[in-house]
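Each remark here refers to the structure printed beneath this line.
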Amino acid sequence: MNYKISRIAETIHASLPSPADPDHEISILLTDSRSLTYPDQSIFFAIRTRNNDGHRYMRDLYDRGVRHFVARHIPDDMASATDAVILLVPSVTRALQDLARAHRSRFDIPVVGITGSRGKTTVKEWLYQLLSSDYSIVRSPRSYNSQIGVPLSIWELDTDTTMAIFEAGISLPDEMTALQGIIKPNIGIITNIGPEHADGFTSLRTKCDEKVILMRDCDVIIYNGDDRVISEAVSEACIPAKEIAWSTRDSDRPLFISAIRRHRETTDIDFSYLRTDGSVTIPFTSDADIQNAIHCLALMLYLNRPADITASRISQLAPVATRMEVKEGVNDCLVIYDAYTSDLNSLQPALDFLNRRRTGRRSVTAIISDVMHETLEPQRLYREVARLLTQRGVDRVIGVGEEISANSRYFPADSRFFPSTSVMLSEMSADDFDRELVLVKGASRFHFEMIAEMLEARQHETVLEVNLDALVSNFNLYRSMLRPTTGIICMVKASGYGAGSYELAKTLQAQGAAYMAVAVLDEGVELREAGITMPVMVMNPHVANYKTMFAYRLEPEVYSFGILREIIREGEKCGITDFPVHIKLDTGMHRLGFIPEEIPELIDLLRRQKVVRPHSLFSHLATADCPHLNSYTEGQLKLFDSMCAQIQSAFSHYIMRHILNSAGIARYPSHQYDMVRLGIGLYGVATLPGGEPAGLRTVSSLRTVIISIREWPAGTTIGYGCRGVCTRRSRIATIPVGYADGIDRHLGNGGMRVWINGHRCPSIGNICMDACMIDVTDADCQVGDRVEIFGDNVPVEDLSDVLDTIPYEMLTSVSTRVKRIYYRE
Ligand SMILES: *Cc1c(COP(=O)(O)O)cnc(C)c1O
């Protein structure tokens, strides 16, 4: 859809500056400078988030041809850009939302708004699968459901759109009102409300009330009537809408689910809707999928779709994969596997994800399948796909499918095309990929997981899986315990508590963390070279190479006169002034830091030089997680206050303070000062007795696969020293993980119980260097099945308790030879 710039200015209440051509047409709203494709038709919204500021990217975009901007002020480096048209507004996010609201109001079509904790994306995609042959549908790409994502999705509404489906997600109270005003759904679906995103909400009910706001102007609301919290929230909200509450118990509900029969791979659902009976079969069996399917069924019934059509389409629903995985691949490649639907809409976010991981010299290859049609005819569609890929720096395209092959002429010269995945796999091998970034993205019927597998460094092995969404959720949980202005320093020392610092830093930078703290300089250098721009603290800066430290602006922690003098001396040589440092005070940990008697000399030394400037004062609590030693902690806090006051009084600039670690945040929030240092809690490990704080999610899972199974008679001995003995006829599995991977030998002989297909199975015999044996007599399993050593099903504490240590040690013991895999849900 095109809008004249004069009309955009009027809608967002900005005045059009003089060089502007009022009739210039805009078709693209840009909020991320990396997504630029058509400079001439784009208008850039310089949005400021907690951690980033769009104003910083205006000049770069101007140099790349963008001439239209919405901003709060004109940045200094734009002063010379006299032909830029900058619309000035008090809030750029608000302006974006205003524009979306105005755009939405032009459409009188069914608009479905989906909210809930889980299942939003699945319901959205399934409705699309069910209805796309009856309607021309616009839907939010991937899970674009935020305060910025929703307006961008709304913008996709075009004159030929006949239905829209949008997700609305909220992470803080009061956000839904804004989203409701933009989406204005007339059909509302509440999927389910669970504690998953434990966040800024005080209770399930408050969260539910907030979600119900989306339904305010709906003609119909679809929800699970068996869920008491949702039912109460809906009825108390007194919305005049028709309700389709479905129930498996109450036959008076409009949609009564009379029977659910699970088979091996399908489930039959019998129902009666307004006294007419019916039945559908879905190709899924999990509770979550059944619920999601019932929501979709309810909408099909409401829309009066013929029963036979509904049943036949529902029986063909395809799974929705929302995972985006980053894996180390063969020949030093980095593989990004996106199993989400393949359409033009979802290609852009995948390319953005890819571009954020572009490091140094690697070239970029995209392996893509036929793209779903939507409304474009194939030629235009593939010309657009090719253009998008080239604009985002893809050097080579490997196209799989009849259609994309027929349109190969639009793609870069050394691209290759194959009619099917199997032909591609027979003609290409891992050797065709070398030191490149590879995007693998295909429609589910192309089974691109086979390509992803071919590109994986080693297929059947032990990996540490890191769930970046769980990391974000934990970060937000701690953030919700703090004042909004308190900065969070994320401790990614020991390579992110074993999880690998770069991907974590990348994710946390985007979430608005104030600082990253690494253990040694090399870790900091690695982050900088990989493109991490946020402030970084180095906890043990003792290094030979101070030049690098200064050049990369890695801020050292200063814990002794020795190190302070060394930094000053080296800084003088390099002509450095005012370099930020963080002064460590010893208030009771007795590890590192200045003690009270040293403060006068410290002040004196700092005041006599210009190389460094104290940026923060901090200390570390020794007993924050020991409630029986509260008085020790309180003594430390008191001493910290007085030491800080003494130092601060000697300087005219404000010096920040921080002392709380994860346990401290939960127990002493009144001492959050300017920042806190969050470590183990980020990784989902509770620090307080009773598993508090509640709502943390597991970030790291160590998993492997069964590589062999054999059955032995009673009395057989297993492994070195015949230490394992089968007490009955036993099935013994071997898994490729041993003490060289970080599995302590004390976990042998029943010390650990791994998770296989729903069963906890004990180790048997001694742990070997590269393998160990598991008694799987009671589990239904075979070679190739997945084994979880710790993760969602086996708390890491189970293992650290056996070893008489703490989860920190278990997490950081997973050796570097274990490959790390990062994913988002
Ligand atoms: C490790 C560390 C933290 C984080 O502690 P957690 O208990 O993991 O939250 C904070 N500050 C310092 C100085 C640390 O060394």
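The values are calculated or read from the model by the stated rules, or taken from the named source; none is laboratory data. A quick note: this is a predicted structure, and the numbers were derived from the prediction, not measured. Cβ placement follows ideal geometry from the backbone for every residue including glycine, while neighbour counts extend to all protein chains displayed.
Points to keep in mind about this one:
- Pairs where the first residue, in segment 660-678, is near the ligand (Cβ under 10 Å from one of its atoms) and the second is part of a loop (DSSP other than H, G, I, E, B) and charged (D, E, K, R), C-beta under 6 Å, 6+ apart: Ala663/Asp625
- Counting residues in segment 528-542 that are assigned to a helix (DSSP H, G or I), surrounded by 22 or more Cβ atoms within 10 Å (Cβ to Cβ) and not small (Gly, Ala, Ser) gives zero.
- Residue match in segment 644-654 (condition: within 28 Å of Met810 (Cα to Cα) and buried (at least 19 other Cβ atoms within 10 Å of the Cβ)): no
- Only residues that are under 25 Å from the mean Cα position of the chain (by Cα) and at pLDDT below 90 were counted across segment 372-390, and they come to 1.
- The residue list Tyr502, Tyr478 contains one member that is in the same structural domain as His658 (by TED's automatic domain parsing), among the hydroxyl-bearing types (Ser, Thr, Tyr) and in contact with a Pro (Cβ under 9 Å, 6 or more places away or on another chain), which is Tyr478.
- Boolean, Leu564 is part of a helix (DSSP H, G or I), assigned by TED's automatic domain parsing to the domain that holds His653 and surrounded by 13 or more Cβ atoms within 10 Å (Cβ to Cβ): yes
- When Glu523 is tested against (1) within 15 Å of the ligand (Cβ to nearest atom); (2) within 20 Å of Thr687 (Cα to Cα), exactly one condition is not met: (2).
- Selected residue (only one of Ile148, Ile182 is surrounded by fewer than 21 Cβ atoms within 10 Å (Cβ to Cβ), touching a residue at least 60 places away in the same chain (Cβ under 8 Å) and of a type in the set (A, V, I, L, M)): Ile148
- When we screen Leu682, Leu702 for residues that are away from the ligand (no atom under 16 Å from the Cβ), surrounded by 23 or more Cβ atoms within 10 Å (Cβ to Cβ) and under 37 Å from the mean Cα position of the chain (by Cα), the only hit is Leu702.
- Among the residues making up segment 808-822, those that are over 11 Å from Ser495 (Cβ atoms), modelled with pLDDT under 85 and surrounded by 15 or more Cβ atoms within 10 Å (Cβ to Cβ) are Lys819, Ile821, Tyr822.
- Test result for Ser473, within 16 Å of the ligand (Cβ to nearest atom), over 23 Å from Asn355 (Cβ atoms) and part of a helix (DSSP H, G or I): no
- Count of segment 564-594 residues which are within 16 Å of the ligand (Cβ to nearest atom) and either free of Cβ contacts under 8 Å to residues at least 12 places away in the same chain or over 20 Å from Val536 (Cα atoms) (or both): 7
- Segment 590-694 holds helices (runs of 4 or more DSSP H) entirely within its bounds, and those carrying 2 or more residues that are in contact with a Leu (Cβ under 8 Å, 6 or more places away or on another chain) and under 29 Å from Asp801 (Cβ atoms) map to 630-648, 662-667.
- Residues (over 13 Å from Glu456 (Cβ atoms) and at pLDDT 75 or above) located in segment 312-331: Ser312, Arg313, Ile314, Ser315, Gln316, Leu317, Ala318, Pro319, Val320, Met324
- Residue check for Val558: away from the ligand (no atom under 16 Å from the Cβ) and buried (at least 19 other Cβ atoms within 10 Å of the Cβ): no
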